[in-house]
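Each reported figure results from applying straightforward, stated rules to the coordinates on display, with no laboratory input. All of these numbers come straight from a predicted model, not from anything done at the bench. Cβ coordinates were reconstructed from backbone atoms using ideal geometry, including for glycine residues, and neighbour counts include every protein chain displayed.
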Amino acid sequence: VSGMTVGALARSVAFVAQNAHRQLFCDSVAEEVAFALKMQKRPEEEIAETVERTLADMDLTQHAESHPATLSRGDQLRVAIAAFIALDAQVLIFDEPTTGQDWHGARAIIDLLRRLHAKGRTIILITHHLYLTGRFVDRMIVMKDGGVRLDGPPEEVLYAGARLLECGVVPPQTVRFAAARPGLAAARPLGPEDLGGDDG
């Protein structure tokens with residue numbers, strides 16, 4: 001991206017902060033999604049159609065006239081995402097989107113990101129919650145002191161042993177369990193669902 005202008009980056013790359021609700025400032029969800037489109041002076045008919053389509057895609061239609069502050073944290077995150085999707089951002093960067101979520105809420109967010117990826121968008125997820133990512137990401141990058149230390153598929157990165165620990169990253173419980181058992185370590189399971197058969 002070093003050769004791109006800030007304006008070009010803003011049209012193609014979106015950053016959703018850890019506290020996404022702080023990015024919201026309009027009086028309704030529909031206004032929030034329309035805001036950047038209005039700043040770009042898009043035709044009113046195009047804005048209306050884009051907002052309607054985006055709200056439907058993000059399952060927010062029922063909240064169109066709601067004030068973002070009245071929504072749950074998960075819904076506020078979806079509003080922030082919707083505002084960027086309306087601009088057709090192709091690269092979405094999320095900083096700890098599952099913070100403050102229980103297991104079900106966190107899984108719902110990860111599933112949402114997977115759906116966005118399936119529609120052709122590049123998703124970059126910044127997180128310390130490795131137990132959520134094993135089966136949900138294609139590539140993991142571990143950084144330390146501003147540099148890349150590990151880069152590869154989850155099965156490679158999470159089983160990097162001492163190299164991972166040197167970065168201050170503790171692998172998920174399933175990985176630690178399997179890594180201590182040669183038979184399981186060879187299979188490199190990433191989550192509990194990888195460990196057993198139908199009888200659990």
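When you filter the GluC sites (Glu not before Pro) in the range 21-82 for DSSP loop state and at most 10 other Cβ atoms inside 10 Å of their Cβ, you are left with GLU65.
Between (i) 1, 7, 15, 18, 19, 17, 12, 7, 3, 1, 0; (ii) 1, 7, 13, 16, 17, 14, 10, 8, 7, 4, 2, 1, 0; (iii) 1, 5, 7, 8, 9, 10, 11, 11, 9, 8, 6, 4, 3, 2, 2, 1, 1, 0, 0, 0, 0, which matches P(r) over Cα pairs in 5 Å bins from 0, in percent calculated for the structure shown? Derived directly from the coordinates: (ii). Helix content alone sets the calculated 222 nm mean residue ellipticity of the chain: runs of n ≥ 4 DSSP H residues at -39500 (n - 2.57) each, divided across all residues, give -12000 deg cm²/dmol.
Between ARG115 and HIS128, the contour length at 0.36 nm per residue exceeds the Cα-Cα span by 2.5 nm. Multiplying the residue separation of CYS26 and GLN62 by 0.36 nm and subtracting their alpha-carbon distance yields 11.3 nm.
Computed extension gain for ASP102 through SER12, at 0.36 nm per residue and net of the alpha carbon distance, reaches 29.3 nm.
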